[in-house]
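Data block below; observations after.
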Amino acid sequence: MAGPLEHVLTGLRVLDFTRALAGPTCTRMFAEMGAEVIKVESAPSGDMTRKMSHIRNDRSLYYVQQSLGKKSLCVDLRDPRGMALITALVPKVDVVVENFKPGTLAQMGLGYERLCELREDVILCSISAMGQSGPLAELPGYDFIAQAYSGITSMIGDAGGVPYIPPVGIGDVSTGVHGALAVLAALRYRDRTGKGQHLDIGLLDVYYHCLEVVVHQCSGSNGAFKPTRQGPHLNYLCPAGVFKTTDGWVVIMAFLHHWQDLCTAMQRPDLVTDPNFSSDAARLANRPAVVLVLENWLATFPDRDSAIAKLHQHQVPAAPVLSIEETLTHPHLTARGTVRTIDDPLAGRFEIPGMPLKFSAFPADLPLQAPTLGQHNSEILRDWLGHSEAEIAALCAANVLCEGDY
């Protein structure tokens with residue numbers, strides 16, 4: 001029987017050099033699955049996200065969300081004594097994760113070749129915007145920079161209008177998850193061969209991997225089909241998009257065989273065989289008419305939710321367009337832990353996105369907390385590296401190690 005704090009990755013040790021969102025998502029998932037994650041923070045101020053987003057009681061809720069379960073080691077990485085501590089930790093970890101600009105880790109003296117000298121079978125996961133190679137690799141980049149290069153930004157917005165960027169970290173989070181998957185695959189390979197490797201995970205590659213149909217539509221038509229933004233509706237199936245109701249919006253995906261379900265819900269069996277509506281191709285050619293039929297029908301309901309109830313009654317794939325505020329108390333999201341409530345010792349009680357991976361052997365979330373700055377300095381140096389209290393005190397006095405109450 002598993003112990004109360006055990007999980008699927010208990011025993012795995014990760015050295016975490018990540019900042020912002022993509023890298024911290026990767027290492028947060030490891031922590032949520034029971035791995036021991038040492039978050040290296042640069043002295044004296046630590047991770048830049050400690051000062052970002054909503055601040056409560058001098059505590060960044062952004063940092064708390066992305067650092068659950070991690071141990072904070074705040075060290076001066078410009079001091080040789082600080083780098084000596086990091087170098088001594090490498091042989092004791094299984095995985096190193098970083099998301100510096102390509103080449104930065106090597107400039108610090110911890111490139112992959114050096115890491116292999118310290119631990120022959122080490123796994124290094126490098127997360128970056130454009131990848132570790134290629135003409136764009138050296139450019140600085142963030143989520144939306146990679147999104148623009150991927151072509152996805154060109155697909156978002158009203159037809160003929162300004163391209164939009166979504167106010168969510170889809171690329172960063174997806175890249176962090178891809179990085180975690182790559183690490184687990186590399187660990188499996190190491191189990192079989194005893195060999196580590198260097199993993200190159202780029203936001204641009206991950207974004208491009210998300211392109212469902214538009215790449216083959218464009219290439220397969222020899223460029224005759226030029227995908228671009230279409231506004232609130234898909235460009236290859238119909239009806240599939242966002243529709244207006246009396247007091248809000250709904251998403252309806254009633255293409256293919258679901259069209260008949262929708263016609264039944266609307267009590268319009270005539271539309272099933274009408275040549276203008278009987279196939280997806282016909283409905284695409286007559287999409288304004290399809291939208292008009294649906295929105296006129298939706299307007300007969302007193303509110304959004306009653307329309308959704310009717311659609312669900314007839315097994316039509318549909319959802320209300322919930323606000324973030326509405327998601328916080330939605331019964332399904334709270335029941336599954338999709339919305340997770342945490343109690344931070346400093347910031348108090350608030351909601352964050354929950355762990356998306358569910359394990360039958362470990363149904364409950366681990367009781368994790370985010371560290372204060374340098375909270376685990378002494379623990380790591382004492383328990384991992386065998387330093388005495390006097391040695392630790394001397395490093396603190398020399399500002400090689402830093403701590404903070406935030």
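Within the range 216-229, residues that are farther than 15 Å from Gly157 by Cα reach partners that are assigned to a loop (DSSP other than H, G, I, E, B) and open to solvent by less than 60 Å² (accessible area, probe 1.4 Å) with beta carbons closer than 7 Å, at six or more positions or on different chains, in the pairs Gln217/Pro227; Cys218/Pro227. Of the residues making up the range 142-152, those that are out of contact with any strand residue (DSSP E or B) (no Cβ under 9 Å at 6 or more places or on another chain) and open to solvent by less than 20 Å² (accessible area, probe 1.4 Å) number 3. Criterion first (of a type outside the set (Ser, Thr, Tyr), more than 27 Å from Gln230 (Cα to Cα) and either free of Cβ contacts under 8 Å to residues at least 40 places away in the same chain or not in a helix (DSSP H, G or I) (or both)) does Pro302 satisfy it? So Pro302 passes the test.
Each residue in the range 62-109 was checked for being among the hydrophobic types (A, V, I, L, M, F, W, C), over 21 Å from Pro44 (Cβ atoms) and free of Cβ contacts under 8 Å to residues at least 60 places away in the same chain, and 1 of them qualify.
Might you check whether a residue that is farther than 22 Å from Glu212 by Cβ, open to solvent by less than 60 Å² (accessible area, probe 1.4 Å) and β-branched (Val, Ile, Thr) occurs anywhere in the range 161-179? Taking every residue of the range 161-179 in turn, none turns out to be farther than 22 Å from Glu212 by Cβ, open to solvent by less than 60 Å² (accessible area, probe 1.4 Å) and β-branched (Val, Ile, Thr). Would you point out the residue of the range 28-55, among those that are of a type in the set (Asp, Glu) and not in a strand (DSSP E or B), that is modelled with the highest pLDDT? Across the range 28-55, the extreme among qualifying residues is Glu32.
Residues of the range 110-138 that are under 30 Å from Gln230 (Cβ atoms) and either open to solvent by 70 Å² or more (accessible area, probe 1.4 Å) or in contact with a Pro (Cβ under 9 Å, 6 or more places away or on another chain) (or both): Ala129, Met130, Gly131. Condition first: open to solvent by 30 Å² or more (accessible area, probe 1.4 Å), assigned to a loop (DSSP other than H, G, I, E, B) and in contact (Cβ under 8 Å) with a residue 40 or more places away in the chain. Now tell me which residues in the range 238-270 satisfy that. Answer for the range 238-270, where residues must be open to solvent by 30 Å² or more (accessible area, probe 1.4 Å), assigned to a loop (DSSP other than H, G, I, E, B) and in contact (Cβ under 8 Å) with a residue 40 or more places away in the chain: Thr246, Asp247.
Can you name every residue in the range 118-130 that is under 22 Å from Asp191 (Cβ atoms) and not hydrophobic (A, V, I, L, M, F, W, C)? Arg119, Glu120, Asp121, Ser126 - these are the residues of the range 118-130 that are under 22 Å from Asp191 (Cβ atoms) and not hydrophobic (A, V, I, L, M, F, W, C). Asp305 meets all of the listed conditions (1) open to solvent by less than 60 Å² (accessible area, probe 1.4 Å); (2) closer than 18 Å to Trp249 by Cα but one, namely (1). Would it be correct to say that Tyr189 is open to solvent by 20 Å² or more (accessible area, probe 1.4 Å) and of a type in the set (Phe, Trp, Tyr)? Yes.
The values are calculated or read from the model by the stated rules, or taken from the named source; none is laboratory data. These figures come from a predicted structure and were not determined experimentally. Positions of Cβ are backbone-derived with ideal geometry, glycine not excepted, and every protein chain shown enters the neighbour counts. Accessible surface is based on the protein model in full, side chains and every heavy atom, while ligands, DNA and RNA are left aside. Shrake-Rupley method; radii C 1.70, N 1.55, O 1.52, S 1.80 Å.
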